[in-house]
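J.: If you scroll down you'll find the structure; I have some questions about it.
Taken together, the values in this text are just the output of simple stated rules run on the coordinates, not laboratory data. The shown structure was predicted, so the numbers you read here are calculated from the model rather than taken from an experiment. Methodologically, a virtual Cβ is constructed for each residue, glycine included, from the backbone with ideal geometry; neighbour enumeration extends over all protein chains shown.
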Amino acid sequence: MRRPLRLPALLLACASAAVLAPGCGRKAAPQPPIIRVAERTRDLQVTQLGTTSILTWSYPSMTRAGGPLPDLESVEIWRLSLPKEQEPRGTSPRQRRVRIQLLLNKGRRLTTLQGEGLEEATHGPKLEYHDDLLAWYQENRERLPLVVWYAVRSICCGGRASELSNIVRLQPQAPPTPPTAIAAEPTAEGIVITWQATGEAPVVVERSQKGKPWRRLTAEPVAKGPWRDDAAVEGTTWWYRLRTVRAVGGARVYGEPSKPVAVDYPDVYPPQPPADLVCLPEAARIRLRWAAVGDAVEYRVFRKRKSGGWDHLDFHVKEREYSDGRPPAGNLTYAVRAVDAAGNESEPATCSTIAGSLP
């Protein structure tokens, strides 16, 4: 018969187990609280647009530990102006620390984005801030020429500041003169833009409709013309303007816009013919299939015998296939035309097959 374990034996068992399992009867040491700080911004960029310096960077969304950041409170923007010959260079960790200390000690906090200001600076996943270079010029005209440094840092979690972002530099310039002789010509493939460049400088193209904001069409500058806008929608009037671009010290300087030109783009151009048309003979019918045409609203289907004229089978096909349920026997050719909303009809796509005798 097994006797019950007495109290001394129980204590001895726990002590023995403690050697193997340190957690037996012992509380873990208290851990320090996790201090949440926003991750450092690493993708700050600067460009000069006319007489404005434009900063863009990703909206802060992560903590330094890699978790989500739901409580961004504000964003500080820092600026330092210094003579170019006094600008420290280098990319080593030590040189980076020197640059950060120089900006924090000699520069100034330009502004703090918070509340409505932070909302207005938010554009999708990006933040954007405009710095007036005309005002900067008035402040520093006795010290020119100068280089401008910018950096940002995020404030969250009860006022804790992140590390300073990457530092970007701008050498403010007089904006390059815009291109001249801008012309816009509508074609079936799109609107073709031509211009007279300022020297060898490239350009960016912007487009608008009357009363609406301008939108840049070329992510990268265009070295030379002509350039075609193949995304313009027909049946409206478009406005175009161009800016000259100059690269200075790693940053881009965009000139003032050219005088806008308007072009009517009437919907008179036919769509592309349907691609990949195939004739598929089946037991007692011919099935046609084809690829969609982007601006087509319907398709027209035709059929002819080897030595005959075209029969109009259907003028209002909405799908990308058609079934001819009573094809005559012999050699047959089918044609499909795409039709857009304005009634413009494409050239035909054709395919041929042989149909057997109907029962």
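J.: Considering each residue of the stretch 55-104, count those that are farther than 14 Å from Arg40 by Cα, in a strand (DSSP E or B) and without any contact (Cβ under 8 Å) to a residue 60 or more places away in the chain, and give that number.
T.: 0
J.: Within the stretch 223-238, track down each residue that is within 22 Å of the chain's Cα centre (by Cα) and under 29 Å from Pro172 (Cβ atoms).
T.: Selection gives Ala223, Trp227.
J.: Name every residue in the stretch 267-319 that is out of contact with any Pro (no Cβ under 8 Å at 6 or more places or on another chain) and among the β-branched types (Val, Ile, Thr), in order of residue number.
T.: The answer is Val268, Val278, Val297, Val301, Val317.
J.: If the Cβ limit is 8 Å and pairs must be 6+ apart or interchain, which residue in the stretch 243-265 that is on the phi > 0 side of the Ramachandran plot pairs with which residue that is among the β-branched types (Val, Ile, Thr) and surrounded by 17 or more Cβ atoms within 10 Å (Cβ to Cβ)?
T.: From residues that are on the phi > 0 side of the Ramachandran plot, the pairs are Gly249/Val147.
J.: Mind checking which residues of the stretch 170-193 are loosely packed, with under 14 Cβ neighbours inside 10 Å and closer than 16 Å to Tyr265 by Cα? Outline the logic, then answer.
T.: Here is the first cut: in the stretch 170-193, the residues loosely packed, with under 14 Cβ neighbours inside 10 Å are 174, 177, 180-181, 185, 187-189.
Of everything in the stretch 170-193, those that are loosely packed, with under 14 Cβ neighbours inside 10 Å and closer than 16 Å to Tyr265 by Cα turn out to be Glu185, Thr187, Ala188, Glu189.
J.: Then there is this: Identify all residues within the stretch 227-261 that are under 30 Å from Ala342 (Cα atoms), surrounded by 12 or more Cβ atoms within 10 Å (Cβ to Cβ) and not basic (Lys, Arg); write none if there are none. Talk me through it step by step, then tell me what you get.
T.: Going residue by residue through the stretch 227-261, those that are under 30 Å from Ala342 (Cα atoms) are 227-241, 260-261.
Applying the additional criterion that residues be surrounded by 12 or more Cβ atoms within 10 Å (Cβ to Cβ) yields 227-229, 232, 234-236, 238-241, 260-261.
Once the filter is applied, which keeps residues that are under 30 Å from Ala342 (Cα atoms), surrounded by 12 or more Cβ atoms within 10 Å (Cβ to Cβ) and not basic (Lys, Arg), the stretch 227-261 yields Trp227, Asp229, Ala232, Glu234, Gly235, Thr236, Trp238, Trp239, Tyr240, Pro260, Val261.
J.: Restricting the search to the stretch 346-355, which residues are farther than 11 Å from Val293 by Cβ and in a strand (DSSP E or B)?
T.: We begin by selecting, within the stretch 346-355, every residue farther than 11 Å from Val293 by Cβ; these are 347-348, 350-355.
Within the stretch 346-355, Thr350, Cys351, Ser352, Thr353, Ile354, Ala355 meet the criteria.
J.: Restricting to the stretch 117-152, what's the tally of residues that are farther than 23 Å from Leu103 by Cα and not in a helix (DSSP H, G or I)?
T.: Qualifying residue count for the region: 5.
J.: Restricting to the stretch 167-199, what's the tally of residues that are hydrophobic (A, V, I, L, M, F, W, C) and in contact (Cβ under 8 Å) with a residue 60 or more places away in the chain?
T.: At the first step, the residues of the stretch 167-199 found to be hydrophobic (A, V, I, L, M, F, W, C) are 167-168, 170, 174, 181-184, 188, 191-193, 195, 197.
Adding the requirement that they be in contact (Cβ under 8 Å) with a residue 60 or more places away in the chain leaves 167-168, 170, 182-184, 188, 191, 195.
The number of residues fulfilling the criteria is 9.
J.: Could you run through the stretch 105-116 and say how many residues are assigned to a helix (DSSP H, G or I) and either buried (at least 16 other Cβ atoms within 10 Å of the Cβ) or among the β-branched types (Val, Ile, Thr) (or both)?
T.: Within the stretch 105-116, the subset assigned to a helix (DSSP H, G or I) is 105-106, 116.
From what is left, the residues that are either buried (at least 16 other Cβ atoms within 10 Å of the Cβ) or among the β-branched types (Val, Ile, Thr) (or both) are none.
Residues flagged as assigned to a helix (DSSP H, G or I) and either buried (at least 16 other Cβ atoms within 10 Å of the Cβ) or among the β-branched types (Val, Ile, Thr) (or both) within the stretch 105-116 amount to 0.
J.: I'd like to know if the stretch 247-269 contains one or more residues that are among the hydroxyl-bearing types (Ser, Thr, Tyr), over 30 Å from Tyr334 (Cβ atoms) and within 25 Å of the chain's Cα centre (by Cα).
T.: yes
J.: Shifting gears a bit: If I ask for residues that are over 17 Å from Gln171 (Cα atoms) and in contact with a Leu (Cβ under 8 Å, 6 or more places away or on another chain), which ones from the stretch 244-278 would you list?
T.: Listed by number, the residues that qualify are Pro257, Ser258, Leu277, Val278.
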